[in-house]
């Protein structure tokens, strides 16, 4: 599980390499890259909701939607979803999201991706609530991309 999580994070660095190699193409295709990034976020949200459905999930999504105004980094919410709802498909989508994110934006606080994995050390019994926070944060991130 640890290797997959690190591989998902490495998508950012491949995106940075892509950005350096194809500066002009990134400028020309920016709107398509942003559209693809939105589709990836939407896919992550749908898969996470489909695998864990309940009222705590929706309460967490409501909290996460507004928490996004405080913690603006989408990678925090992706890390939260991956730490609580591990799926190889979600890891692959996070990797592709990282490629797009690294190609488009300057990196600031992407280390926040690893913070939610501290939840693995504790068992709160509220994994649906925390998963909902990740989903709500990503849902709010759709409008910013």
Kindly provide the set of residues from region 114-132 that are within 18 Å of residue 9 (Cα to Cα) and at pLDDT 70 or above, ordered by number. 114, 115, 116, 117, 118
Candidate set from region 38-51 (those that are touching a residue at least 24 places away in the same chain (Cβ under 8 Å) and over 16 Å from residue 88 (Cβ atoms)); member that is surrounded by the fewest Cβ atoms within 10 Å (Cβ to Cβ): 42
In the set 36, 97, 65, the lone residue that is assigned to a helix (DSSP H, G or I), in contact with a helix residue (DSSP H, G or I) (Cβ under 8 Å, 6 or more places away or on another chain) and more than 15 Å from residue 11 (Cα to Cα) is 65
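The values are calculated or read from the model by the stated rules, or taken from the named source; none is laboratory data. Nothing here was measured: the structure is a model prediction, and the numbers come from that model. We place every Cβ from the backbone using ideal geometry, glycine too, and count neighbours over all the protein chains shown.
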